[in-house]
Amino acid sequence: MPTNSHLMPHLKVCGMADADSLQAVAALQPDFLGFIFYPASKRYVGERLPAAAVRALPAAIRKVGVFVDDDAATVLARVREFDLQLAQLHGHETPETCAAVRAGGVPVVKAFAVGEGFDFAQLQPYVGCVDYFLFDTAGPQPGGNGTAFDWTLLQDYNLTVPYFLAGGIGPEHVAALRNLRLPGLFALDLNSRFETAPGTKDAGRLEAFFQALKA
Ligand SMILES: O=C(O)c1ccccc1N[C@@H]1O[C@H](COP(=O)(O)O)[C@@H](O)[C@H]1O
């Protein structure tokens, strides 16, 4: 069982789709920035964000592409175009698809939608095919639903794969997150609760959150 659950988790800001707020958020030096390549998302990178703006980000910030049910070739093409360091697979991708992306040289974050009765046994076939899990809240959309799940469901997590905690994390969660001790927790994933509009992040709110977490 992972033992470093007392350390400050890494921070990922996801759903960047606006050039101005991208620069402001990058200045906060999060560990990861996420870009959504799912055309049905309100945060779809699409024409909003040129690849050059993403490629020009500081190397210390790892860039994550978020995909929903794309094949490995499509994912890898975007990875090359945008110079992404990780692929977050946020749909119903199989272990084989995850392994194919990984075989292309890209670490994989495999997302799962957590609801009541979540069956942790479904994670087992992915062990060895992914680098991280990501636990998001089940909802009507594949991601970005803006609601949190019951994090105590992760108290008995006992796999060796570290994970991102996602789903509706917002400013009101600072106290709970500061006291959170979850085995395997690697990073916090912030998205729709820190926006002024879909894809446009509120750098001020993020900065206050980062400072409060680290205080
Ligand atoms: O944000 C989206 O629109 C989105 C669409 C499709 C797949 C993933 C998406 N976002 C991911 O959803 C989680 C949780 O976001 P929220 O905090 O509930 O808004 C996060 O990992 C995003 O990467």
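Among the residues making up the range 50-73, those that are more than 15 Å from the ligand (Cβ to nearest atom) and under 17 Å from Ala103 (Cα atoms) are Asp71, Ala72, Ala73. Exactly one residue out of Gly115, Gly128, Gly144 is modelled with pLDDT under 95 and either crowded, with 21+ Cβ neighbours inside 10 Å or closer than 21 Å to Gly91 by Cα (or both): that is Gly115. Could you grab me the full set of residues in the range 120-160 that are part of a loop (DSSP other than H, G, I, E, B) and aliphatic (A, V, I, L, M)? Once the filter is applied, which keeps residues that are part of a loop (DSSP other than H, G, I, E, B) and aliphatic (A, V, I, L, M), the range 120-160 yields Ala138, Ala148, Leu159. Being over 23 Å from Phe133 (Cα atoms), of a type in the set (Val, Ile, Thr) and in contact (Cβ under 8 Å) with a residue 24 or more places away in the chain is a condition met by at least one residue of the range 17-31.
Among the residues of the range 156-174, which ones are of a type outside the set (Val, Ile, Thr) and either under 18 Å from the mean Cα position of the chain (by Cα) or surrounded by 13 or more Cβ atoms within 10 Å (Cβ to Cβ) (or both)? If you could, list the steps in order and put the result at the bottom.
Taking the range 156-174 and keeping what is of a type outside the set (Val, Ile, Thr), we get 156-159, 162-168, 170-173.
Tyr157, Leu159, Pro162, Tyr163, Phe164, Leu165, Ala166, Gly167, Gly168, Gly170, Pro171, His173, listed by residue number.
Residue-by-condition table, conditions (1) without any contact (Cβ under 8 Å) to a residue 60 or more places away in the chain; (2) more than 12 Å from the ligand (Cβ to nearest atom); (3) under 17 Å from the mean Cα position of the chain (by Cα):
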position	(1), (2), (3)
Gln124	yes, yes, no
Tyr132	yes, no, yes
Gly144	no, no, yes
Phe149	yes, no, yes
Ala176	yes, yes, no
Arg181	no, yes, no
Phe186	no, yes, yes
Phe194	no, no, yes
Thr200	no, yes, yes
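Listed conditions (1) among the small types (Gly, Ala, Ser); (2) within 16 Å of the ligand (Cβ to nearest atom); (3) more than 18 Å from Phe164 (Cα to Cα) are all met by Gly91, apart from (3).
Working only within the range 131-141, note down all residues that are surrounded by 20 or more Cβ atoms within 10 Å (Cβ to Cβ) and of a type in the set (Asp, Glu).
Result: Asp136, single match.
Got at least one residue in the range 97-109 being within 11 Å of the ligand (Cβ to nearest atom) and among the hydrophobic types (A, V, I, L, M, F, W, C)? Taking every residue of the range 97-109 in turn, at least one turns out to be within 11 Å of the ligand (Cβ to nearest atom) and among the hydrophobic types (A, V, I, L, M, F, W, C). Please tell me if His10 is within 18 Å of Pro162 (Cα to Cα) and either at pLDDT 95 or above or within 17 Å of the chain's Cα centre (by Cα) (or both). Yes; evaluated as a whole, the condition is true for this residue.
Tell me, yes or no, whether the range 32-45 has at least one residue that is more than 15 Å from the ligand (Cβ to nearest atom) and either without any contact (Cβ under 8 Å) to a residue 60 or more places away in the chain or more than 23 Å from Pro125 (Cα to Cα) (or both).
No, the range 32-45 contains no residue that is more than 15 Å from the ligand (Cβ to nearest atom) and either without any contact (Cβ under 8 Å) to a residue 60 or more places away in the chain or more than 23 Å from Pro125 (Cα to Cα) (or both).
The values are calculated or read from the model by the stated rules, or taken from the named source; none is laboratory data. Owing to the predicted nature of the structure, the values given are computational and were not obtained by experimental measurement. Neighbour counts run over all protein chains shown; Cβ positions are idealised from the backbone, glycine included.
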